[in-house]
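Beneath this line is the structure, given in structure tokens, with notes to follow.
The values are calculated or read from the model by the stated rules, or taken from the named source; none is laboratory data. Remember, predicted model here, so these are calculated numbers, not experimental data. Cβ placement follows ideal geometry from the backbone for every residue including glycine, while neighbour counts extend to all protein chains displayed. Protein only, heavy atoms only, side chains kept; ligands, DNA and RNA dropped before computing areas. Shrake-Rupley method; radii C 1.70, N 1.55, O 1.52, S 1.80 Å.
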Amino acid sequence: MDHMEAAGAHNGWPRLRVADWTETRDTVHMWAQIVGKIRMAHAPMLNHWWQVTLYVTPRGLATSRIPYGRGAFDIEFDFCDHRLHIPSSDGTAASIVLEAKSVAEFHAEVFEALHRLGINASIRGIPNEVDPAIPFAADDRHASYDPGAVRLFWRQLVQADRVLNEFRSYFSGKASPVHFFWGSMDLAYARFSGRATSTQPGGAPNCPDWVMAEAYSHEMSSCGFWPGGGDEGAFYAYSFPEQAGYAEYVSEADGAVYSKADKLYLLPYENVRSAPDPDGTLSRFLHSTYEAAAETGHWDRAGLEIDPDRWRQHRHHRQPPEQTFGETSR
């Protein structure tokens, strides 16, 4: 994987062809579902299933704090040292090696590690949003792990997460974190108009319609990154429910296209990576697709949008050292 590691290193956006790591991707996808389901089993319910996701970290993907009894634990995929870490608030910790192994073996090792820490966890041991859905404990089909490819994927996520969070700063209304959904294996961010919707989607493989009803209970403009949909993956954006005019709203100048079959906009990752200004290219896509949703859906843009640089003049005005924010605000 050394040749892929070097590709794109000059601007921080690595090159990773989907075809070069499909088997590893599908294995890691199942591993992420196991870890995500453990978080789901213990975390209190949040709207739109926000309590089940993973988050990009400086070393990989993690659950964040999972409550357990009067304490807590978390689980992190470390894609630098290629280990799965499980620290607990009682001071103990466990880890397992990330290497070529079946989903069944990974599943057994994770639950053995939890047992050593005194953590009793039970999950529905069948993956969601994939077909066929092989039970984790019986899945010997997915058993690939290319450490170089996984690390490149994590670096893709770091770049996408960074720009998506910058985009998030322009919105003051209800919005999700930038988080990784293990069902569909995508890094996602959603903004909400504030209005409920009676239209509910369905049809995701091995995922009950009531799950999707919770996910799409309110009008939204969603975007993210998915390791598919293009030679090197793709950024996507969609509006739910989609309004008339949305599909024709966004310019194709940077290579963004609207997929009628999937009802979303796609911008190939390679278009962003190879652009003179990758951040600017992605930002244009994010802002323009949101504008398409907000304009065609008649959102209250004035009440929902905000300038992230609104305090710039104060930040650049040097305060005397003895003054605190509390003192200057009285």
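Can you tell me which of Ser95, Ser144 is open to solvent by less than 50 Å² (accessible area, probe 1.4 Å), assigned to a strand (DSSP E or B) and farther than 30 Å from Leu286 by Cβ? That would be Ser95, the only listed residue that is open to solvent by less than 50 Å² (accessible area, probe 1.4 Å), assigned to a strand (DSSP E or B) and farther than 30 Å from Leu286 by Cβ. Residue pairs whose Cβ atoms lie under 6 Å apart, sitting 6 or more positions apart in sequence or on different chains, and linking a residue in segment 292-315 that is over 16 Å from Ser221 (Cα atoms) to a partner that is charged (D, E, K, R) and in a helix (DSSP H, G or I), do not occur here. If you filter segment 234-254 down to residues that are of a type outside the set (A, V, I, L, M), in contact with a strand residue (DSSP E or B) (Cβ under 6 Å, 6 or more places away or on another chain) and not in a helix (DSSP H, G or I), you find that the one that is farthest from His287 (Cα to Cα) is Phe240.
Cβ-Cβ contacts under 7 Å between residues 6 or more apart (or on different chains), taken from a first residue in segment 241-268 that is under 22 Å from Pro14 (Cα atoms) and in contact (Cβ under 8 Å) with a residue 12 or more places away in the chain to a second residue that is of a type in the set (Lys, Arg) and surrounded by 11 or more Cβ atoms within 10 Å (Cβ to Cβ), are listed as Asp254/Arg284. Answer yes or no: is there a residue in segment 162-171 that is in contact with a Lys or Arg (Cβ under 9 Å, 6 or more places away or on another chain) and either assigned to a loop (DSSP other than H, G, I, E, B) or exposed (fewer than 15 other Cβ atoms within 10 Å of the Cβ) (or both). Checked segment 162-171: no residue is in contact with a Lys or Arg (Cβ under 9 Å, 6 or more places away or on another chain) and either assigned to a loop (DSSP other than H, G, I, E, B) or exposed (fewer than 15 other Cβ atoms within 10 Å of the Cβ) (or both). The residue that is modelled with the lowest pLDDT, among those in segment 214-233 that are open to solvent by less than 20 Å² (accessible area, probe 1.4 Å), over 20 Å from Arg168 (Cβ atoms) and of a type outside the set (D, E, K, R), is Gly228. Of all residues in segment 176-201, those that are surrounded by fewer than 16 Cβ atoms within 10 Å (Cβ to Cβ) and outside any loop (DSSP other than H, G, I, E, B) total 3. Here Ala113 clears all of (1) within 25 Å of the chain's Cα centre (by Cα); (2) open to solvent by less than 10 Å² (accessible area, probe 1.4 Å) except the condition numbered (1). Evaluated against (1) touching a Pro at 6+ places or on another chain (Cβ under 8 Å); (2) at pLDDT 95 or above, Gly8 falls short on exactly one condition, (2).
Taking first residues from segment 68-90 that are aliphatic (A, V, I, L, M) and partners that are part of a strand (DSSP E or B) and surrounded by fewer than 18 Cβ atoms within 10 Å (Cβ to Cβ), the Cβ contacts under 7 Å between residues at least 6 apart in sequence or on separate chains come to Leu84/Ser95; Leu84/Ile96; Ile86/Ala93; Ile86/Ser95.
Number of residues in segment 76-91 that are closer than 15 Å to Gly118 by Cβ and either of a type in the set (Val, Ile, Thr) or in contact with a helix residue (DSSP H, G or I) (Cβ under 6 Å, 6 or more places away or on another chain) (or both): the value is 1.
When Ala204 is tested against (1) assigned to a loop (DSSP other than H, G, I, E, B); (2) at pLDDT 95 or above; (3) within 27 Å of Ile38 (Cα to Cα), only condition (2) is not met.
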